[in-house]
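All remarks here apply to the structure that follows.
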Amino acid sequence: MFVTPAHAESTPAGTAEAGHGTEAETHGAPAVGETHTETGVAHDAGHETGVFPPFDQTTFASQLLWLAITFGIFYIVMQKVIVPRIGGILENRHDRIAQDLDEAGRLKSEADAAIETYEKELAAARAKANTIAGTARDAAKAKADADRAAVEAELAQKLAAAEARIGEIKAKAFADVGAIAEETATAIVDQLIGGPAAKADVATAVASASAKQEG
Amino acid sequence: MANDPTHQFLIQKIVPIEIGGIDFSFTNASLFMVATVAAASAFLYFSTTSRGLIPTRSQSVAEMSYEFIASMLREGAGSQGMKFFPMVFSLFMFVLTANMLGMFPYFFTVTSQIIVTFALALFVIGTVLVYGFYKHGLGFLNLFVPHGVPGALLPLVVTIEIISFLSRPISLSVRLFANMLAGHITLKVFAGFVASLGSLGALGIGGAILPLIMTVALTGLEFLVAFLQAYVFAVLTCMYLNDAVHPGGH
């Protein structure tokens with residue numbers, strides 16, 4: 001509808017052309033002759049009158065007609081062929097880019113999902129490793145504790161036996177010390193006084209001496 | 001004659017055609033309109049034949065022009081304005097190709113003819129009017145009544161808005177026409193200096209260097225103007241179409 005001005009210009013011209021087509025054909029020769037003379041007149045007139053060519057009104061009708069024809073054809077070619085064509089190319093590219101972007105988005109979400117699963121599994125594995133290590137550590141610790149307790153018990157037992165034995169030997173030695181001292185004292189007294197001393201007196205003296213030493 | 005800077009705008013008949021006493025000859029202007037349409041269509045068609053997912057250089061250029069106009073229209077007239085995309089794209093490509101073809105020496109510049117730019121501007125304004133009234137009925141006239149204007153000022157403001165609307169096709173067409181015309185005349189004048197000074201012997205050749213530098217610089221500038229004017233034409237088209245889609249929306 002917005003071509004109306006152009007069509008409006010071309011239609012009367014078109015009908016005029018169609019109407020006069022046969023006429024022009026029938027007496028084509030004189031018409032050509034006529035226009036030839038007219039051309040010369042127009043040419044001369046153009047130069048003689050000195051009309052500025054763009055304002056020469058004798059050319060307006062021809063220019064309008066040919067502009068209407070050429071621009072009309074150009075408009076139709078643009079509307080029917082070129083504009084849908086380039087528009088189609090651009091739309092096609094636009095669709096393709098949108099499609100590729102969608103595909104890229106889909107692949108990205110897939111990759112994200114894969115990373116998430118991977119991380120989840122990694123976390124699970126780590127937790128499992130931790131529990132295994134924990135139990136192993138606990139077991140080892142318990143075993144070490146038990147071993148140490150056994151060793152300590154054994155050592156304590158041996159120590160106790162050794163102490164008991166030492167005590168026994170000590171007691172025996174102390175018992176022997178009294179007898180040796182009595183004998184020695186008897187022998188010393190013998191030598192000093194030249195006769196045997198009363199055994200009971202010596203024992204009392206030794207006992208009191210050792211008591212003094214200990215006290 | 002060769003140095004006449006307006007000679008390049010002269011319309012010359014190639015195939016004389018006369019219908020009902022009106023001259024509809026196929027002229028050099030018509031030839032370059034056909035060339036413009038053919039060049040633009042062929043480039044856009046053949047650069048996109050491979051329909052590559054990864055564009056080639058020429059396909060990239062075609063896609064860039066498409067997206068350039070699409071974003072311009074979306075920003076200018078919103079997503080509802082996108083139904084005008086083929087129209088704005090055709091206008092932009094036509095004007096740009098015509099301007100660029102005009103930069104070739106000895107080529108005719110289609111857009112240096114006021115009637116051509118005026119017809120294109122009327123096409124735009126006509127579309128705005130037809131679509132605006134079709135879509136919004138008399139509500140389209142809200143375009144001339146801005147919001148928040150005190151009642152006493154309203155007649156004045158509405159008058160100004162109507163004058164500004166009516167001057168649009170004139171400013172739109174004259175801007176493109178005058179830019180192309182003035183640029184090509186300036187280029188021709190400076191290039192003419194080079195030729196006339198160069199024929200004056202050794203001193204003249206030395207003196208011709210300055211206009212030659214100017215000609216080279218102006219050629220660069222004219223390529224910029226050729227693109228810029230096509231861009232401006234398309235941007236203004238988008239703005240005017242915005243009025244048709246959202247009247248009173250400003």
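Rule-based calculations on the coordinates, nothing more; no lab input. As the structure is a prediction and not an experimental result, all values here were calculated from the model. Positions of Cβ are backbone-derived with ideal geometry, glycine not excepted, and every protein chain shown enters the neighbour counts.
Quick look at the values:
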quantity	calculated
Over the protein assembly as shown: helical MRE at 222 nm, DSSP H runs n ≥ 4 each giving -39500 (n - 2.57), nearest 500	-28000 deg cm²/dmol
Rotationally averaged projected area of segment A:174-214 (alpha carbon convex hull; nm²)	2.8
Rg/Rh (Cα only; Kirkwood hydrodynamic radius) as it applies to segment A:67-111	1.45
Packing rank of A:55-62, B:219-226, where each peptide gets the mean count of other beta carbons within 10 Å, highest leading	A:55-62, B:219-226
Per residue, the convex hull volume that the Cα atoms of segment A:64-146 enclose (Å³)	59
Fewest-first sequence of A:Tyr118, B:Tyr66, B:Tyr134, B:Tyr231 by Cβ atoms within 10 Å of each Cβ	A:Tyr118, B:Tyr134, B:Tyr231, B:Tyr66
Set of lysines near A:Lys120 by C-alpha distance (under 20 Å), chain-local residues within fewer than 8 positions excluded	A:Lys108, A:Lys128
Computed over segment B:1-112, Cα set: Rg, Dmax in Å	17.9, 55
Inter-chain Cβ neighbour average for residues B:128-136, partner chain, 10 Å	2
Convex hull volume of segment A:109-211 per residue (C-alpha atoms, cubic angstrom)	120
Label-point separation, A:Ile180 to B:Thr49 (7 Å along Cα→Cβ), nm	13.6
Descending semi-axes in whole angstrom, ellipsoid equivalent of segment B:73-136, from the Cα gyration tensor	28, 14, 6
Relative contact order [Cα under 8 Å, 6+ residues apart], segment B:7-245, whole percent	25
Rg(Cα)/(2.2 N^0.38 Å) for chain B, N = residue count	1.23
The protein assembly as shown, Cα convex hull volume normalised per residue, Å³	474
FRET efficiency for A:Ala161 and A:Lys120, using Cβ-Cβ distance with R0 set to 56 Å, rounded to 0.05	0.35
Global size of segment B:188-250 as Cα Rg and Dmax, reported in angstrom	21.2, 66
Using alpha carbons only: equivalent-ellipsoid semi-axes of segment B:4-48, gyration tensor based, whole Å	27, 17, 6
